[in-house]
Amino acid sequence: MQRNAWAGPPFRRFATPLRPLLAALCSRGSMKKFNIILTFSMLLLSFNILAEPLSAAKKEMINELMVFTGNAKRAEERALNGAYEFANIIRQSSPDFPPTLLEIVVEEMNNKIHSELDSGNPIRDIVTEIYHENFSSAEIKELLRFYQTPVGKKITSLASSMREETASEINLWWQSLMPEIMEKSEARFKAEGMKQ
C-alpha cells in the first residue's frame, strides 16, 4: 500500500481537509490544479509558521492591558455570576424544578469555578489568548500607551458606569415598546381566534 504523501508532520494540520481534494486532483492527472492547491496549502502553512508566538514579554503586556481595561476582572465576575444566571434561567423556564436541587447545582458550580480560579487563572489565560490572537505586540504597546493618556484613563474610569447606563436605558426603551407590542399581539391573537 502506498503511503499518502500529504500525511507528513508539516501538513498534519491541513492534511485531513485537503486529502480527498488532492487525491481527486492527482487521480485526474491535473498537475496544474495540484500545483495551485499545493501552493495554497503552503501559503496556509506559512501563515501558521509566521504567526507571532506568545512570548513572556507579550503576555506581560497583555496582562497589563487587562488591568487597565478591567477585561480579565469582568470575565472572572462573569464566570462567578454564571451559576446565578443559570439558576435564574432554570427558575424562569422550569418553575417546578425543585429549589433544593437547584441550590445544590449552583453550589457545585460555584465550588468548581472557585476551585479553577484558585488553582491558576484559566479566565485570564483565555482572555490573554484572545488578545494574543487579535493584537500584535506593537498594537498592544499602542493600546497601553493610549490607556495611560488622560482620554484612555477617562474611558477606563467611565466604562463600567457607561455599560450600566446603556443597559438601563435599553431596558427603559424596551419597556416603552411593550404596551404597543402587547396591543398588537393581542389583536393578532383575536384575529387568529386564539385565547390568551
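So, counting K/R as plus one and D/E as minus one, what does the shell of residues with Cβ under 13 Å around Leu102 add up to? Walk me through the numbers on the way to the answer.
Values: positive: Arg91; negative: Glu85, Asp96, Glu103, Glu107, Glu108.
Computed value for this residue: -4.
For a straight C-alpha distance cut-off of 21 angstrom, the lysines reachable from Lys141 (same-chain residues fewer than eight places away being disregarded) are Lys58, Lys59, Lys73, Lys153, Lys154. At the listed q of 0.11, 0.22 Å⁻¹, the Debye profile of segment 71-196, built from one uniform point per Cα, gives log10 I(q)/I(0) equal to -0.73, -1.24.
How much FRET efficiency would the formula 1/(1 + (r/R0)^6) give for Ile126 and Ile181, where r is the Cβ-Cβ distance and R0 is 35 Å, rounded to 0.05? Show your work: numbers first, answer last.
Working: r = 38 Å, r/R0 = 1.07.
The computed FRET efficiency comes out at 0.40.
Every number in this text was worked out from the coordinates using simple rules, so none of it is lab data. Not measured: the values here are computed from a predicted model. Don't worry about glycine lacking a Cβ; one is built from the backbone with ideal geometry, like all the others, and counts go over all protein chains shown.
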